[in-house]
Amino acid sequence: MGLSLTVLGCSGSYAAAGEACSGYLIRSGQTSVWVDCGPGTLSTLQQNIELTEVDAIIVSHHHPDHCAELPVVYNAYKYFTSVSKIKVVSTSDVRRVTDAFQSEGDSSDIFDWEIVGDGSVCEVGDISVCFSRTDHPVETLAMRFNCGNQSIVYTSDTGKNWSVSKLGFGADIVLGEGTLLNHNADSNIPHISCGHLAAEANEARAQQLIVTHVPPGSDPSKHLEEAAAVFDGQVELATTGRTFSTTNN
Ligand SMILES: [Zn+2]
């Protein structure tokens, strides 16, 4: 049994018309993990599974395009499901901004928080998750999901001073941010180009590369083209609703 990755939303910075910001559903045969809660992803999650079927929510950092749905998710669990607690794994800042939405300043009656950082490992069912801090203005965690001998790496957001290989080599899938193109990459922008991402994925000997976090207004086909020109294996573009599987590699 492999791991699957379903895209719940993939717009970078803000959602394009009819789209959602970052969110992914990672599943083994028995475990479901919702990764990043960008605005709009609660809706698309429910097109795939019930809220009651989610085993844990993992949020990479507290930029709003990755976490701003969480206070709404709190409402959904609290008032509309029989779930007493849902595990939320994140940086301390994600908890801080989420708690701020509650009248008592505390969301822990519903969210069972597990605060993680660089080098942390957490277990959700039969999926083990390792974290690595990226090069981004706020504490941001890339992560590697391992289940049996299958693995998926998610870069979250990062600048050039972090390497995919910090999470090991040979992942079946690297889901990587390709916010920029080589021609508009700028050291003042805390994101990487698709060409840089593809070179990083080669270095980490990834089997398959999925490009995500393309901002509205940028032509996705150009992002795919730039990554495909560099990456040694198969390159795909994240699109909402699409599912990728490690067993296809
Ligand atoms: Zn960010």
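The values are calculated or read from the model by the stated rules, or taken from the named source; none is laboratory data. Values in this document were obtained by computation on a predicted structure and should not be read as measured data. Neighbour counts run over all protein chains shown; Cβ positions are idealised from the backbone, glycine included. Side chains are part of the model used for accessible areas, which takes the heavy atoms of the whole protein and leaves out ligands, DNA and RNA. Shrake-Rupley method; radii C 1.70, N 1.55, O 1.52, S 1.80 Å.
Here are the numbers for this structure:
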read-out: Scan of region 22-58 for residues that are within 16 Å of the ligand (Cβ to nearest atom), within 25 Å of Gly148 (Cα to Cα) and hydroxyl-bearing (Ser, Thr, Tyr), ordered by number; value: Tyr24
read-out: Residue, nearest to the ligand (Cβ to nearest atom), within region 152-167, restricted to residues that are buried (at least 24 other Cβ atoms within 10 Å of the Cβ) and not in a helix (DSSP H, G or I); value: Asp157
read-out: Complete set of residues in region 127-151 that are part of a loop (DSSP other than H, G, I, E, B) and either open to solvent by 30 Å² or more (accessible area, probe 1.4 Å) or not hydroxyl-bearing (Ser, Thr, Tyr) (or both); value: Asp135, His136, Pro137, Val138, Glu139, Gly148, Asn149
read-out: Selected residue (only one of Gly105, Gly117 is more than 16 Å from the ligand (Cβ to nearest atom), part of a loop (DSSP other than H, G, I, E, B) and either at positive phi or open to solvent by 50 Å² or more (accessible area, probe 1.4 Å) (or both)); value: Gly105
read-out: Residues (away from the ligand (no atom under 15 Å from the Cβ) and in contact with a strand residue (DSSP E or B) (Cβ under 6 Å, 6 or more places away or on another chain)) located in region 59-86; value: Tyr77, Lys85
read-out: Long-range neighbours under 8 Å by Cβ, at least six apart or interchain, first residue in contact (Cβ under 8 Å) with a residue 40 or more places away in the chain within region 223-249, second part of a helix (DSSP H, G or I) and among the aliphatic types (A, V, I, L, M); value: Glu226/Ala198; Ala227/Leu197; Ala227/Ala198
read-out: Among the residues listed as Asp135, Asp93, Asp99, the single one being charged (D, E, K, R) and more than 16 Å from the ligand (Cβ to nearest atom); value: Asp99
read-out: Leading residue by the ranking (modelled with the lowest pLDDT) among those in region 1-21 that are closer than 20 Å to Ser151 by Cβ and either more than 14 Å from the chain's Cα centre (by Cα) or of a type in the set (Ser, Thr, Tyr) (or both); value: Met1
read-out: Unique residue being touching a helix residue (DSSP H, G or I) at 6+ places or on another chain (Cβ under 8 Å), at positive phi and in a loop (DSSP other than H, G, I, E, B) when the list is Gly241, Gly170, Gly217; value: Gly241
read-out: In region 20-40, the residues that are in a loop (DSSP other than H, G, I, E, B), under 26 Å from Gly2 (Cβ atoms) and open to solvent by 20 Å² or more (accessible area, probe 1.4 Å); value: Gly29, Gln30
read-out: The lone exception for Ile189 - which of (1) open to solvent by 10 Å² or more (accessible area, probe 1.4 Å); (2) within 22 Å of Leu5 (Cα to Cα); (3) within 16 Å of the ligand (Cβ to nearest atom) it fails; value: (2)
read-out: Tabulated pairs, region 148-160, first over 10 Å from His136 (Cβ atoms) and among the aromatic types (Phe, Trp, Tyr), second open to solvent by less than 10 Å² (accessible area, probe 1.4 Å) and within 16 Å of the ligand (Cβ to nearest atom), C-beta under 6 angstrom, 6+ apart or interchain; value: Tyr154/Met143; Tyr154/Leu175
read-out: Flag for Val164 being among the β-branched types (Val, Ile, Thr), out of contact with any Ser or Thr (no Cβ under 7 Å at 6 or more places or on another chain) and touching a residue at least 12 places away in the same chain (Cβ under 8 Å); value: no
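Residues are listed down the side, and each one gets a yes or a no for (1) touching a residue at least 40 places away in the same chain (Cβ under 8 Å); (2) acidic (Asp, Glu); (3) open to solvent by 50 Å² or more (accessible area, probe 1.4 Å):
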{"site": "Thr6", "(1), (2), (3)": "yes, no, no"}
{"site": "Gly18", "(1), (2), (3)": "no, no, yes"}
{"site": "Leu42", "(1), (2), (3)": "no, no, no"}
{"site": "Ile49", "(1), (2), (3)": "no, no, no"}
{"site": "Glu53", "(1), (2), (3)": "no, yes, yes"}
{"site": "Cys67", "(1), (2), (3)": "no, no, no"}
{"site": "Asn75", "(1), (2), (3)": "no, no, yes"}
